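Read-outs throughout are calculated quantities, based only on the coordinates presented, and are distinct from any laboratory measurement. Since the structure is predicted, the reported quantities are computational estimates derived from the model, not experimental observations. Virtual Cβ from ideal backbone geometry, glycine too; neighbours counted across all protein chains shown.
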Amino acid sequence: MPKLIVIADDFTGSNDTGVQLAKKGALVAVALTDRPVACDIPVINTESRAVTALEAAESVTRAFEQNADGDTRVVFKKIDSTFRGNIGAETEAAARAFGAKLIVVAGAIPAAGRTTVNGVCLVNGVPVVDTEFATDPKTPVNHAEIAKIIASQSALACRNITLAEIKEGVLDKTIIEVAAGEQPEVLILDAETDDDLAIIANSLANTSAKMVLVGAAGIANQLPKRLFLAGKQAPVLVLAGSMSAVTQQQVDHCQGKGLNIIDVDAQAIWHHPDSTLEQAISQAGELLQQGKHCAVRTARDQAERQRAQAFCQQQKITGTDMGNAVARFLGQLGKAMMESHPLSGVLFTGGDIATAVAAEIGADGYIIKGEVQPCIPYGHFTDHHIPVVTKAGGFGSTDAIEKIIQYLQDNS
């Protein structure tokens, strides 16, 4: 049933973390009694921040046993971002109840001034032990080093992972190593910005190992949907009509990662538009029906681009004529796929492709919602709610299309 459950130590914390997951489409409910609630993500408030360590551990164990099942992959142990309370005892209890070897601590909330640097909890740049939280009347903080906080209440081994290591990809390898180990281990992760937390969240989503994730609203806001929503996600359709070398490299990169490519000859579009369209609809439809991402492109390399130019000269037509034919073709294909298959989103490379699809589906506007990457906006057509990303042919890094597909899957 629930892929992820949240166990929080107070009610306000239950809500501020739960809302981050609800914003992404999950049905989230905070349990107000001992009875489990039917939802995508149950949030259980143990109200255990100010009780004894033993009582806190017992409450966490009970919350796990009453709400987790065989489908549960992640126990999100929601904590106070200044590390007040029974952090070590509750983390160890969750790991034992779950049988998880992998324990990850990502407690930063950069927007609120809470960051982690070299395993130290900072509040607006100051070690938490040197702030007012050190003299909290109920739950004072005695250490700024997170490993010491955890060690004061548990026997868990801890390891700090620096921001530099996270950006270099060390975290991915370490997750595999720890998950395969014989004893539970805590990975304490540095993070100074929301972008840092996004990198961490994507690494966490790439493992199928049981995991106790210790953190707060900051990391919750960055978790990809695939980590906590059950069920098959809808695929992404890419219509690559640009002849740009940059787009060709981006599609090739994705093909190496497993993206299904349908190559359509521009000359076939010109000479036999109806039969070529029918074949492309069949090929793309079959892949999408199977839940597979697919890209339809009309120029696989620069040699194809040169061949198209020679064809235009031979047929005594302009490049604009050919471009309009290709755009019209992809517009019809896009309409057919968007109306017949559930999609996490569509990516159009080339502005004329997007406008051709808009014309085919009768949209009179494009609602801009934000950017996936610099100069690569996302939104949706008016009166249509399938997410749409538009990318100029020459824009983006080599892995831009890969990242766009992942973004659409995580935010659909």
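What residues from region 271-297 fall in the zone where the backbone N is under 19 Å from a label point 7 Å along the Cα-to-C-beta line of LYS257?
Residues 288, 291-297 fall inside that zone.
Could you go through region 99-113 in sequence order and give the Karplus-derived ³J(HN,Hα) for each residue, using 6.51 cos²θ - 1.76 cosθ + 1.60 with θ = phi - 60°, rounded to whole Hz, and x for Gly and Pro?
Taking θ as phi minus 60°, the curve returns x, 9, 8, 8, 10, 10, 10, 9, x, 5, 10, x, 5, 9, x Hz for region 99-113.
Could you identify which residue out of LYS148, LYS257, LYS225 has the top mean-square fluctuation in a GNM of the chain using Cα springs shorter than 10 Å?
Looking only at LYS148, LYS257, LYS225, the biggest GNM fluctuation is shown by LYS257.
What distance in nm lies between label points placed 7 Å from Cα along the C-beta direction at THR398 and ALA157?
3.7 nm
Which residue, SER203, VAL19, GLN233, has the largest displacement toward the positive end of the dipole of the chain when charges sit on each Cβ (Lys, Arg +1; Asp, Glu -1)?
Checked the options; the winner is GLN233.
Please give the residues of region 370-409, grouped as numeric ranges, whose backbone N is less than 16 Å from a label point set 7 Å along the Cα-to-Cβ vector of GLN302.
Those under the cut-off are 394.
Can you tell me the length gained on complete extension of the stretch CYS375 to ALA245, counting 0.36 nm per residue apart and subtracting the Cα distance? It would help to have the intermediate numbers written out before the result.
Working: separation 130, 0.36 × 130 = 46.80 nm, distance 1.78 nm.
So the extension gain works out to 45.0 nm.
Give me the dipole magnitude in Debye, nearest 20, for the chain about the Cα centre, with unit charges on the beta carbon: positive for Lys and Arg, negative for Asp and Glu.
On the way: 34 positive and 47 negative charges, 97 e Å.
So the dipole magnitude of the chain works out to roughly 460 debye.
Could you tell me which residue out of SER154, LEU4, VAL60 lies farthest along the dipole of region 4-227 toward its positive end? Charges go on the beta carbon: Lys and Arg +1, Asp and Glu -1, centred on the Cα centre.
Result: LEU4, furthest along the dipole toward the positive end.
Nearest-5 percent of antiparallel DSSP beta bridges in the chain?
25 percent
Distance check, please: which entries in LYS101/LYS173; LYS173/LYS210; LYS24/LYS225; LYS3/LYS78; LYS77/LYS173 exceed 18 angstrom between their Cα atoms?
Numbers: LYS101/LYS173 15 Å; LYS173/LYS210 16 Å; LYS24/LYS225 7 Å; LYS3/LYS78 16 Å; LYS77/LYS173 23 Å.
Where the Cα-Cα span goes over 18 Å, the pairs concerned are LYS77/LYS173.
Is the shape of region 275-412 rounded, prolate or oblate, going by the alpha carbon gyration tensor and its root eigenvalues a ≥ b ≥ c, with a/c under 1.5 for rounded and a/b larger than b/c for prolate? Mind showing how you got there, number by number?
Values: a/c = 1.58, a/b = 1.41, b/c = 1.12.
Judged from the Cα gyration tensor, region 275-412 comes out prolate (a/c at least 1.5, a/b above b/c).
Placing +1 at every Lys and Arg Cβ and -1 at every Asp and Glu Cβ, with all other atoms neutral, what dipole size does region 236-411 have around its Cα centre, in debye to the nearest 20? Don't jump to the answer; show the numbers that get you there.
Numbers: 12 positive and 18 negative charges, 57 e Å.
Roughly 280 debye, rounded to the nearest 20.
Per residue of the chain, what 222 nm ellipticity follows from adding -39500 (n - 2.57) for every DSSP H run with n ≥ 4, rounded to the nearest 500?
On the way: 15 runs with 170 residues, N = 412.
Value at 222 nm, helices only, nearest 500: -12500 deg cm²/dmol.
Among all the lysines, which ones have a C-alpha under 16 Å from LYS391's C-alpha, if same-chain residues fewer than 8 places away are not counted?
Cross-link targets: LYS369, LYS403.
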